[in-house]
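To start, the structure itself, in structure tokens.
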Amino acid sequence: MMRVVGLVETALRAVAALCLAVLTTLVVAQVFLRYGLGSVPFFTEEVARYAMIWMALLATAVGVREASHIRVDFVPTALGVASPPTQLVLEAVLDVISLTAFLVLLWYGIDMTIFAAGQTSDGLRISLSYPYAAVPVAFFFASAFAILRLVEKLRQP
């Protein structure tokens, strides 16, 4: 099971890195073409924007797996909880709150993607469901990683 999770995480990292490479290449090309040749292809800005969206959201899912995402952990710190069992419970509660937020974003992301299916982008003339699909895809993986983190915490002695 952990091997599959590792493969999924690696795949998400690879796709996010590819999106970053595409984004960087297109932005550099835009600058060169605009100021060097005076003309920019119509699709470069839109593809760069979509690559940035996919990169950021997939990196969010990886951040959840690594526990490097933003979560409110001031409560255990403010309480100065010394006992490990109490600390574990408080961290689990914070993870459940994060999971709830991820599931809500997943739900609304699916709804948003379905709504966008009937619209097309201005530059590429593709369905807007493709860039919008980044939200449910990313938060599906974020939810799965949050669930795995909770299960790992509950299995700790």
Along the positive direction of the dipole of the chain (beta-carbon charges: Lys, Arg +1; Asp, Glu -1; about the Cα centre), which of Ala17, Phe141, Met2 reaches farthest?
Met2
Under 4 °C and 1.567 mPa s, how fast does the chain diffuse according to Stokes-Einstein, given a Kirkwood radius computed over C-alpha pairs? Answer in µm²/s, whole number.
73 µm²/s
The range 1-74: GluC sites (Glu not before Pro) in DSSP coil with no more than 14 other Cβ atoms inside 10 Å
Glu66
Here the net charge surrounding Met1, from other residues whose Cβ is less than 15 Å away from its Cβ (Lys, Arg +1; Asp, Glu -1), is +2
Top positive-direction residue, dipole computed over the chain with Cβ charges, set Gln119, Leu106, Ser83:
Ser83
Net charge dipole size for the chain [Lys, Arg +1 and Asp, Glu -1 on Cβ; Debye, nearest 20]:
240 debye
Please arrange Asp111, Asp95, Asp122 by how many other C-beta atoms lie within 10 Å of their C-beta, fewest to most.
Asp122, Asp111, Asp95
Enumerate the calculated ³J(HN,Hα) couplings along the range 56-66 in order (Karplus 6.51 cos²θ - 1.76 cosθ + 1.60, θ = phi - 60°), each rounded to whole Hz, writing x wherever the residue is Gly or Pro.
5, 6, 5, 5, 4, 4, 5, x, 5, 4, 8
Nonlocal amide H pairs with Leu128, under 5 Å, H built at 1.01 Å:
Gln119, Thr120, Ser121
What is the chain's relative contact order, in percent, from Cα pairs under 8 angstrom and six or more apart in sequence?
25 percent
What's the longest bit of the chain with no exposed trypsin sites (Lys or Arg not before Pro), using DSSP loop states and at most 16 other Cβ atoms within 10 Å as the test?
1-70
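Bear in mind these aren't lab numbers, they're just calculated from the coordinates by the rules spelled out. None of the values given here were measured: they were computed from a predicted structure. All Cβ positions, glycine included, derive from the backbone under ideal geometry; neighbour counts span all protein chains shown.
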